[in-house]
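One structure below.
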Amino acid sequence: VNATVYGTADDGETVTATIDGKSASATAKDGQFLIKLPEHKAGGPYTLTVKGKTTVTLKNVLYGDIWLAGGQSNMAFKLLSIQRQKQHMARLAELAKNTNVRILLMPIKAGSKVEADIPVSQWIVNGAEGYNKVSAAGYVFGAELAAHLKVPVAIIHCNKGGSAVEPWMSKEALKKQGIGAGRTWYNAMVGPMLKFPIRGVVWYQGESNGGSVAKATRYGKTFPAMIQSWRDEWKNPNMTFLFVQLAGYAKDSVKVATNWPVLRESQNKALALPKTGVALAIDIGAGGIHPGKKFPLGIRLFLAARAIEYGEDIVYSGPMYKSMTVKGGKAVLTFNHVGSGMIIRDGDPEGEIVLGETLKGFVICGADKKFIPAQAKIVGNTVVVSHPSIKTPVAVRYAWTSWPEANLYNKENLPASPFRTDTFVIAEAPKPVRKPRPAK
């Protein structure tokens, strides 16, 4: 594990950091010093002493992996909100006993320029007072990771409800996208952490970029640009970035039903970048925009990290559309991440696996581009999609609405990602017609 110690000191002042019998020094310049400590195995606790003209001693310090849990309100959704879910109470109580899990709650604020400091006083030991104000999904991810790897893990809670992706980007990154920058969450909440050698990011955001088809489509460029800019700014081109695809959302709105699938498609475009992964929430959503099933979401992020960052040979994703061919009047679809095979799964996604008989969520069209519900069957590692009235299929879509009825999984109990095989232009949803008020 690499670590740095930084702070303020008089120009020319030599500052020495000592931990576990090893020391390193640096000379302050422009009122700042940065000490790079020698590599050290994960573990602790240790006492850290930083000595210059004055001496600062920090106790109960750990070496371990730091993960940033960021985004908007669904990542900000607090652990305390799921602690009474009966099926998870025992596991969450067990995870809370691990004091090798540490939590940093970043204060919510925007800034006009990059700020320098992280509030050390905001660090919380797992299980101590206030620890359950951390992100529920981020906590499950990080605490399960610490238990599995048997190393300390820190979770940085860095979220702002209702935030779009743009204010999480630096001034330079926004300029490259042709976007002006004012006061941003990046400046006050992300910029101060750039000296921190974080291991990776788990991210849940996008709802606020789904206000129109145009905005949702643009996200396909700004989101990957944001990921790339963070890697550049942390000087870590291989920093793992895992994100949550928007959950099922059942708002009775043509606008949402039109925009949400496009936003999910734009999110998945980030998978073209190396060391990225997606955790699906399509099956664990709810009628509201803040689904409460954050425990299984944290587990899906945990699986992705084990494979993508830690190199474990495990199935970490549900089926992802790969290609379509037309044979005998039927569309034959192939997939990546089929695991040990694809299944039709019905029932509670957190309950026992119940096999279904009919694949749901597939629609098909011919040359007229008018989609109709399709018949779909799993054949080996393919899905064959058809309809008697369509002799030559042109395109297939799956789970292409705000909260679809969709049940394609792999045997590892991970759902297939929504997709479309076409690149048709998607029109903006029509504005709702307001009924005139009756005359008094």
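The values are calculated or read from the model by the stated rules, or taken from the named source; none is laboratory data. Everything quoted here is computed from the prediction, not taken from an experiment. We place every Cβ from the backbone using ideal geometry, glycine too, and count neighbours over all the protein chains shown. All accessible areas refer to the heavy atoms of the entire protein, side chains included, with ligands and DNA or RNA removed. Shrake-Rupley method; radii C 1.70, N 1.55, O 1.52, S 1.80 Å.
The table below lists the values:
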item	result
Check on residue 154, part of a helix (DSSP H, G or I) and open to solvent by less than 50 Å² (accessible area, probe 1.4 Å)	no
Failed item, numbered, when residue 278 is tested on (1) buried (at least 16 other Cβ atoms within 10 Å of the Cβ); (2) more than 14 Å from the chain's Cα centre (by Cα); (3) not basic (Lys, Arg)	(2)
Test result for residue 352, in a loop (DSSP other than H, G, I, E, B), open to solvent by 40 Å² or more (accessible area, probe 1.4 Å), farther than 28 Å from residue 214 by Cβ and of a type in the set (Asp, Glu)	yes
Subset of the stretch 17-39 [assigned to a strand (DSSP E or B) and either surrounded by fewer than 16 Cβ atoms within 10 Å (Cβ to Cβ) or touching a His at 6+ places or on another chain (Cβ under 7 Å) (or both)]	22, 23, 25, 27, 29, 32, 34, 36
Subset of the stretch 365-390 [in a strand (DSSP E or B) and in contact with a Ser or Thr (Cβ under 7 Å, 6 or more places away or on another chain)]	375, 382
Test: residue in the stretch 427-438 that is under 23 Å from the mean Cα position of the chain (by Cα) and at pLDDT 95 or above	no
Residue within the stretch 230-241 that is in contact with a Leu (Cβ under 7 Å, 6 or more places away or on another chain), at pLDDT 95 or above and of a type outside the set (Lys, Arg) present	yes
From 185, 203, 123, 168, residue being hydrophobic (A, V, I, L, M, F, W, C), closer than 30 Å to residue 312 by Cβ and open to solvent by 50 Å² or more (accessible area, probe 1.4 Å)	123
Residue within the stretch 339-348 that is without any contact (Cβ under 8 Å) to a residue 60 or more places away in the chain and either surrounded by fewer than 18 Cβ atoms within 10 Å (Cβ to Cβ) or of a type in the set (Lys, Arg) (or both) present	yes
Search result, residues across the stretch 324-346 that are within 20 Å of residue 409 (Cβ to Cβ) and hydroxyl-bearing (Ser, Thr, Tyr)	334, 340
Test: residue in the stretch 134-151 that is assigned to a strand (DSSP E or B) and within 30 Å of residue 170 (Cα to Cα)	yes
Every residue from the stretch 40-59 that is among the charged types (D, E, K, R) and outside any loop (DSSP other than H, G, I, E, B)	51, 59
Pairs, first in contact (Cβ under 8 Å) with a residue 12 or more places away in the chain and hydroxyl-bearing (Ser, Thr, Tyr) in the stretch 65-86, second open to solvent by 10 Å² or more (accessible area, probe 1.4 Å) and assigned to a loop (DSSP other than H, G, I, E, B), C-beta under 7 Å, six or more apart	73/161; 73/162; 73/290; 81/292
Per-region count, the stretch 396-422, residues in a loop (DSSP other than H, G, I, E, B), more than 25 Å from residue 326 (Cβ to Cβ) and open to solvent by less than 30 Å² (accessible area, probe 1.4 Å)	2
Matching option when the condition is surrounded by 16 or more Cβ atoms within 10 Å (Cβ to Cβ), modelled with pLDDT of 95 or more and either within 27 Å of residue 218 (Cα to Cα) or touching a Pro at 6+ places or on another chain (Cβ under 9 Å) (or both), among 257, 272, 331	331
Of all residues making up the stretch 63-110, the number that are surrounded by fewer than 18 Cβ atoms within 10 Å (Cβ to Cβ) and either small (Gly, Ala, Ser) or on the phi > 0 side of the Ramachandran plot (or both)	5
Pick from the stretch 44-55, criterion in contact (Cβ under 8 Å) with a residue 12 or more places away in the chain and over 13 Å from residue 102 (Cβ atoms), ranking: most open to solvent (accessible area, probe 1.4 Å)	53
Top-ranked residue in the stretch 282-317 [being among the small types (Gly, Ala, Ser) and over 23 Å from residue 85 (Cβ atoms); ranked as most open to solvent (accessible area, probe 1.4 Å)]	311
Checking residue 129 against (1) assigned to a loop (DSSP other than H, G, I, E, B); (2) out of contact with any strand residue (DSSP E or B) (no Cβ under 9 Å at 6 or more places or on another chain); (3) touching a residue at least 60 places away in the same chain (Cβ under 8 Å), the condition it does not meet	(3)
Those residues of the stretch 187-215 which are closer than 30 Å to residue 2 by Cβ, of a type in the set (Gly, Ala, Ser) and in a helix (DSSP H, G or I), in sequence order	188, 191
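To keep it simple, each residue is scored yes or no on (1) free of Cβ contacts under 8 Å to residues at least 60 places away in the same chain; (2) within 16 Å of the chain's Cα centre (by Cα).
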{"position": "232", "(1), (2)": "yes, no"}
{"position": "246", "(1), (2)": "yes, yes"}
{"position": "256", "(1), (2)": "no, no"}
{"position": "271", "(1), (2)": "yes, yes"}
{"position": "328", "(1), (2)": "yes, no"}
